[in-house]
Amino acid sequence: MRSLLALAALPLASAINIISSNDDGWAEINIRQLFSALTSAGHSVVLSAPAENKSGSGSSDETPTARTTACEFNSCAAESGAYGSNASDPRLNWVNSYPVTSIAYGIDTLSPTLLDAVPGLAVTGPNVGSNLGLSVYVSGTVGAAHYASSTAGIPAIAFSGADGSPTAWDAEVPNYSAIYAELAAKVVEKVVAGGTPYLPDDVWLNVNFPSVEGCGSADEYSFVLSRIFTAVPLISGDDVETCGSTRLPTETNVVGTDGCYVSISVGAADKTDADATAQGSVLEKLGDLLSCLP
């Protein structure tokens, strides 16, 4: 597996401003690993995530309230208010509320100061656990990405990984966390490489990483364009034609295929699958990053 120093040496298409969030909490190791990978690649990143694990909160949104207890993993002190940041790095921020509230605070309040601009891209996760199919409706990681694209007008990518359990930012980095961060950074680089618009309007990507078992490094993974839900005859719209088929595989099928396959689905404003036109734009944007299932 390549180190963060190796990631920094990769050719960078363009450095952009990125807002980052999740639903597992600001101090969970996956979001910190992705923050490190993206900043090492030259991007300017502001992390604004819940003070504690808010998994399963979907698109809930609530005014933050002052904490009375410490943040997750004792990452902030009790009685420390409704908002806070890392003492040594103001780019790392917590919000005592839901993922949607957290990313909105990052976009509206933190970005003008820390980035001096509206973020060009929103990334959420990598979530601890997959977000496949119906889980997109309850996932806070997806909810935050959906808010960024559909409400704030910022192209967004939700990342989720099959492996792991909630782990503190200062623990020894698990192999899965390092691999997921590198894979997510690779997707980000490809999305921004072709310039703006990074994604079609009101579209967000749902990216799911499979288990790392049997996959030695990030270079062994293939990315496959997929759909969130199984197509229903006479009801579901057409998919973009690719890999010799007019119907995309579901993301569940992709990550369940033997081998090292990452699913990339194109979500619409209502959290269903985007239409063939939007899928086609993403297919063209991702280009040679994408492969076909065997």
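Looking only at residues that are farther than 11 Å from Ile31 by Cα and more than 18 Å from the chain's Cα centre (by Cα) in region 164-174, which one is most open to solvent (accessible area, probe 1.4 Å)? By that ranking, first place goes to Glu172.
If we keep just the residues of region 171-192 that are in contact with a strand residue (DSSP E or B) (Cβ under 9 Å, 6 or more places away or on another chain) and either not β-branched (Val, Ile, Thr) or not in a helix (DSSP H, G or I) (or both), which is farthest from Arg32 (Cα to Cα)? Across region 171-192, the extreme among qualifying residues is Lys190. Scanning region 182-206 for residues that are open to solvent by less than 10 Å² (accessible area, probe 1.4 Å), of a type in the set (Gly, Ala, Ser) and out of contact with any Pro (no Cβ under 7 Å at 6 or more places or on another chain) turns up just one, Ala185.
Filtering region 222-270 to residues that are assigned to a loop (DSSP other than H, G, I, E, B), under 18 Å from Gly129 (Cα atoms) and open to solvent by less than 30 Å² (accessible area, probe 1.4 Å) leaves Ile228, Cys260. Scanning region 156-170 for residues that are assigned to a loop (DSSP other than H, G, I, E, B) and either at positive phi or in contact with a Pro (Cβ under 7 Å, 6 or more places away or on another chain) (or both) gives Ala162, Gly164, Thr167.
Residues in region 108-125 that are buried (at least 24 other Cβ atoms within 10 Å of the Cβ) and over 13 Å from the mean Cα position of the chain (by Cα): Pro119 alone. Of everything in region 271-283, what is in a loop (DSSP other than H, G, I, E, B) and either touching a helix residue (DSSP H, G or I) at 6+ places or on another chain (Cβ under 7 Å) or free of Cβ contacts under 8 Å to residues at least 40 places away in the same chain (or both)? Give them in sequence order. Lys271, Asp275, listed by residue number. Only a single criterion out of (1) open to solvent by less than 10 Å² (accessible area, probe 1.4 Å); (2) among the polar types (S, T, N, Q); (3) free of Cβ contacts under 8 Å to residues at least 60 places away in the same chain is not satisfied by Ser211, namely (1).
Give region 58-89 a look and list any residue that's assigned to a loop (DSSP other than H, G, I, E, B), touching a residue at least 12 places away in the same chain (Cβ under 8 Å) and among the acidic types (Asp, Glu), or say none.
Step one: list which residues in region 58-89 are assigned to a loop (DSSP other than H, G, I, E, B), which gives 58-66, 68-71, 75-80, 82, 86-89.
Cutting the leftovers down to touching a residue at least 12 places away in the same chain (Cβ under 8 Å) gives us 58-66, 71, 75-76, 79-80, 82.
Matches in region 58-89: Asp61, Glu62, Glu79.
For region 126-163, a residue qualifies if it is open to solvent by 30 Å² or more (accessible area, probe 1.4 Å), among the hydroxyl-bearing types (Ser, Thr, Tyr) and under 21 Å from Val192 (Cβ atoms), and the qualifying residues are Tyr147, Ser150.
The values are calculated or read from the model by the stated rules, or taken from the named source; none is laboratory data. Given the structure is predicted, the values throughout are model-derived calculations rather than measurements. Here Cβ is always computed from backbone atoms with ideal geometry, including for glycine, and neighbour counts include all displayed protein chains. We work out accessible area using only protein heavy atoms, side chains counted, and drop any ligands, DNA or RNA first. Shrake-Rupley method; radii C 1.70, N 1.55, O 1.52, S 1.80 Å.
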